[in-house]
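Reviewing the structure listed below.
The values are calculated or read from the model by the stated rules, or taken from the named source; none is laboratory data. Given the structure is predicted, the values throughout are model-derived calculations rather than measurements. Glycine gets a Cβ as well: all are built from the backbone with ideal geometry, and neighbour counts include every protein chain shown.
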Amino acid sequence: MATDYDEVRSDVKESQDRSLEALQSANAPDARSVVTQLDEADALDEGLTPGGEIVSEELTVQVIPQGADEFTCYSCFLVRHRSQLARESNGHSYCRDCEG
């Protein structure tokens, strides 16, 4: 007797049907409840560091102006030393990394 190996076995078919029925009957959350849960989680995350500590102080950053021996690359917008200057055209400077 020939066997059709492409046909789904009966025990596999039954388990697929049962799992589909279980998924359909499960209480799946609707889109609004998911958005509400995400918003609540985001509100709780504000003010926390990745380690979970609460940060209540503002960070202070010292900004140093561009030096006379530095330029800003017109392509990558990084401040580079003049030794990294590859070319200047139309008043724009480009670094070696961007020209490479």
**Study point:** Selection count where residues are at pLDDT below 75 and part of a helix (DSSP H, G or I), scope region 23-33
**Key:** 4
Practice item. Taking the residues in region 73-100 that are more than 33 Å from the chain's Cα centre (by Cα) and assigned to a helix (DSSP H, G or I) as candidates, determine which candidate is surrounded by the most Cβ atoms within 10 Å (Cβ to Cβ). Key: R82
